[in-house]
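Before any comments, here is the structure.
We did not get these values from a lab; they are worked out from the coordinates using the rules stated. All of these numbers come straight from a predicted model, not from anything done at the bench. So basically every Cβ, Gly included, is an ideal-geometry build from the backbone, and we count neighbours across all protein chains shown.
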Amino acid sequence: MKLQEEVVRAETPVVHLVGAGPGDPELLTIKARRLLGEADVVVYDRLVAPEVLEMVPPGAMLISVGKQPKDHPVPQPEINELMIRLALAGRRVVRLKGGDPFIFGRGSEEAEALVAAGLRFEVVPGVTAASGCASALGIPLTHRGLASGVRFLTGHCRADAELDFDWQGLADPDTTLVVYMGLANIPRISEQLIEQGLDPTTPIAVINNGTTVRQRALRSTLETVAQEVERASFRGPVLFVIGRVVEMVERIGRLDDCTLEPADAPARAI
């Protein structure tokens, strides 16, 4: 009986949910690189860097299902159905996601759909944007005397709903906050944190296209970040690191290597 179960399991298609990391292709895991090289089909998101997609073999099919705020050309149920259909057709499917599949990547939702369809899945973790982008600037997410904890937040809620956080709990000077997908809502985020008592001069690092040759960044504060980000006209993914750890750029950081230039200036590699 056990042998039969193992045979059935071995014959059940597997979909790999692969983290592409924050952008730099050299930050991919060895396993992620191998699976990309073996894939028949790669279903990828908008935030996957073009340098990573270049690793996909010429014979493999590339299918973009990327979403943008208020623009979801391929709804999530259709993405789920696409993966299931391709896997049942015998294709080796890689679902490629920016960062890590299980950190604001809807990887668990897709895993649920695969299991419900009788398929197997395997998660290949990726370097999430929080650690990748902060490290690229020399900003630690925790540091003795500055931050004893870190919290990851999404700055964009499902169906564009209003942000509903425990703002009082978030306004902790001993905790680093990392905000993903927060470009549109950073005015409200900063306003709420100040209202709940976080010092308006709390430093913020704003990182655009982190870890790539297109990286741009600026250092701001809670009270000025909304205006400065608007003037910056960032294009592409933006990450916010909020907290006293940003002060470390003065001692070990690399912010000066990619300091924000005018929006139309060429990007500078770090």
Whole-Hz ³J(HN,Hα) for each residue in segment 122-131, computed from phi via Karplus 6.51 cos²θ - 1.76 cosθ + 1.60 with θ = phi - 60°, x for glycine and proline: what do you get? 9, 9, 10, x, x, 5, 6, 4, 4, 6
Which order results if Asp40, Asp174 are arranged by neighbouring Cβ count within 10 Å, fewest first? Asp174, Asp40
With the Cα gyration tensor of segment 20-97 in hand, convert its eigenvalues to equivalent ellipsoid semi-axes via √(5λ) and list them largest first in whole Å. 20, 17, 9
Rg and Dmax of segment 82-217 over Cα atoms: what are they, in angstrom? 18.1, 56
Sorted largest first, the C-alpha extents of segment 183-243 along its principal axes in whole angstrom are 37, 19, 14
Percent antiparallel among DSSP beta bridges confined to segment 129-258, rounded to 5, stands at 75
Within 10 Å, count the other beta carbons around each residue, average over each peptide in 119-127, 187-195, and list them highest first. 119-127, 187-195
Computed Rg/Rh of the chain, alpha carbon atoms with Kirkwood Rh: 1.01
